[in-house]
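Here is the structure we will look at.
The values are calculated or read from the model by the stated rules, or taken from the named source; none is laboratory data. What you are looking at is a predicted structure, and each value in this text was computed from that prediction instead of being measured. Counting neighbours? That spans all protein chains shown, and the Cβs are built from the backbone with ideal geometry, glycine included.
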Amino acid sequence: MVPLGGEMRMEGLAAVAAMAMIGTPVAAQQQQTEIVFCNKTGSKIFTALANVPQTTKKWTLTAWQTIPAGSCKSVARLNTALFYYYAEKEGRTYHWPGQSGVDKTFCVPSRAITREIVGGTCPAGERSVGFKGTVPNPGKYTINLTS
């Protein structure tokens, strides 16, 4: 896992997020974004999100939401300019993002959980996976997953 202050490929996303907030009224910064995953595969998909909720101001991981084959599901409503996502097919045979799309790594457990993200090595029973950073527009933000 890359510690929160560690080296990562986030220069572009951080700049976009910062620019999106410059000159933006406070009310606009706090608008919610509904995160929707659409599973365009023939297998069940599991998703994980990492973001900084305004209530805690700490990095938080929410894993695992199940998206049935061929369906769309709203998995979160966020008040944030930046979030990260990871998704994998049942059996871990395919995952999103692909290796070239990874912006940051986080440790994920095998069970469903919502918890604060702590830097360092992954605890026993967890694995490090690559997440994709995204700066969504307020409103509904859909991520289509295809294999």
Of everything in segment 26-40, what is assigned to a loop (DSSP other than H, G, I, E, B) and at pLDDT below 95? Give them in sequence order.
Gln30, Gln31, Gln32
For residues that are under 22 Å from Ser43 (Cα atoms), of a type in the set (Ser, Thr, Tyr) and either touching a residue at least 40 places away in the same chain (Cβ under 8 Å) or part of a strand (DSSP E or B) (or both), tally how many sit in segment 97-140.
0
Taking only segment 49-96 into account, find how many residues are within 15 Å of Ile35 (Cα to Cα), touching a Leu at 6+ places or on another chain (Cβ under 7 Å) and in a loop (DSSP other than H, G, I, E, B).
1
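Give segment 114-147 a look and list any residue that's aliphatic (A, V, I, L, M) and under 14 Å from the mean Cα position of the chain (by Cα), or say none. Walk me through how you get there before you give the answer.
The initial filter retains those residues of segment 114-147 that are aliphatic (A, V, I, L, M), namely 117-118, 124, 129, 135, 143, 145.
Those that are aliphatic (A, V, I, L, M) and under 14 Å from the mean Cα position of the chain (by Cα): Ile117, Val129, Val135, Ile143, Leu145.
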